[in-house]
1. Inside segment 90-110, can you point out the residues that are under 15 Å from the mean Cα position of the chain (by Cα), assigned to a helix (DSSP H, G or I) and either within 9 Å of ligand 1 (Cβ to nearest atom) or not polar (S, T, N, Q) (or both)?
2. Taking the residues in segment 163-178 that are away from ligand 1 (no atom under 13 Å from the Cβ) and out of contact with any Pro (no Cβ under 7 Å at 6 or more places or on another chain) as candidates, determine which candidate is farthest from L107 (Cα to Cα).
3. Kindly establish whether L113 is assigned to a helix (DSSP H, G or I) and more than 14 Å from ligand 1 (Cβ to nearest atom).
4. Could you pull out the residue among A235, A243 that is touching a residue at least 12 places away in the same chain (Cβ under 8 Å) and more than 30 Å from P352 (Cβ to Cβ)?
5. What number goes with the only condition from (1) in a helix (DSSP H, G or I); (2) over 18 Å from the mean Cα position of the chain (by Cα); (3) over 30 Å from C37 (Cβ atoms) that R364 does not pass?
6. Quick one: E72 ticks every box in (1) within 29 Å of V140 (Cβ to Cβ); (2) at pLDDT below 95 bar one, so which box is it?
7. Name the single residue that is nearest to the chain's Cα centre (by Cα) among those in segment 174-205 being more than 14 Å from ligand 2 (Cβ to nearest atom) and outside any helix (DSSP H, G or I).
Amino acid sequence: MNKLVLPGDILPAREAIEMISGVDLGPPIEVPPIPTCANPANVSFDERALLNGEIKRLKKEKNVLILAHNYEPPDVQDAADFIGDSLHLAKIGRDSDADVLIEASVLFMNEILAVMKKPHQKVLAPSLKALCSLAAHADVNKVKAWKEAHPDGKVISYVNTYLDIKAISDICCASANAAKVIRYMAELYPESPLLFLPDVFLGYYAAKTLEKVGQTTDRLYLMMGACHVHEKITAHQVMRQRALHPDAAVVAHMECGCVSKCMTLLDQGLVTEEMMQLRSTWGMMEFLKKTPQKKIIVATTVTNIYPMSKVAPDKEFIPANPEARCAFMEQNTLRNLYESLRDMKHEITVDPELARQARIPIERMLAIQ
Ligand code: 13P
Ligand code: SF4
């Protein structure tokens, strides 16, 4: 009889990878509708000018740093001091001395700022609805049970987790440094079982990263979790766009459903690294600065195309899946960014003991470039 595998379960890597298509990796939490004002076209020119003017005024008056993730609505990105991927934003927030750190992203990223902040700082989030389906898959009790069963095991948790998970992890990683963190942990603990969580697609990437440095994946365990947006960016969609645009380079996020196909093509030499890259959202911008290709197939949310087209206005961007949008990231709008600054809401506070424990794996992650 086949074993019943549920989302959030932890399995040896080989079994987890084989089970991907047999487990419901859909969102374990309700996905909210995207507010109409997340599209700047639905906000009048006058209102936008007023909101931008007020945001600038409040920023100066209250000594605020505004950070925005690459998936945020365009007008939110335009109002930010810095945009970037999760690792980049965590570093900028940690290094800032501003009195107020407001980050338009998803709440696990605001939590990182709340852990790393200096005593005089306040951390705000424009919307408390900015959750994450991937982080919601990570079940702390299953991680505790795995640790009990593997007393010498090491836990590598992806940044898309909440503090309860981070607090019992040995190290965190983001997509920008996932390969380096996995290699680092494998070399530092050559005998220990390793658990990578919560994304099974990134887990596949972790397994391949170990194989590439001649390490067995026998000691690797993965959690059956996924992002409901990236899971639906499939190999079929990427291959269809490649067939339509043979001169286009592909950039794909490692959370995507297409990750195994992309890595297999690369490993077998069927596609060159010049024509296909697995990157963090910010890493995609760096690739754009180097590639001579004029057309880019984008395997991540379509909102990432806005900062990409600013970095490379001469290029044509083709979404692998034009439906791919993160409704959680788009809960932040120019309006609630303004309201947040005006009313100093929503302050993100963290349990001091959890923060003390979570700070260690977060600092380890931030130390690995
Ligand atoms: P990045 O670290 O690449 O920005 O990814 C975060 C994320 O949530 C992607 O879905
Ligand atoms: Fe989470 Fe997916 Fe949104 Fe990223 S895109 S924040 S992983 S739900």
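1. Across segment 90-110, the qualifying residues are A90, K91, L107, F108, M109.
2. I168
3. Here the answer is yes, as L113 does meet what is asked.
4. Only one candidate passes the filter, namely A235.
5. (2)
6. In the conditions (1) within 29 Å of V140 (Cβ to Cβ); (2) at pLDDT below 95, E72 misses (2) alone.
7. F196
Rundown of residues vs (1) surrounded by 24 or more Cβ atoms within 10 Å (Cβ to Cβ); (2) of a type in the set (D, E, K, R); (3) within 24 Å of F328 (Cα to Cα), yes/no style:
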residue	(1), (2), (3)
A149	no, no, no
Y158	yes, no, yes
T161	yes, no, yes
I171	no, no, no
A179	no, no, no
P190	no, no, no
L202	yes, no, yes
K208	no, yes, no
D218	no, yes, no
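The values are calculated or read from the model by the stated rules, or taken from the named source; none is laboratory data. All of these numbers come straight from a predicted model, not from anything done at the bench. Heads up, the Cβs are rebuilt from the backbone with ideal geometry, glycines too, and the neighbour counts pull from every protein chain shown.
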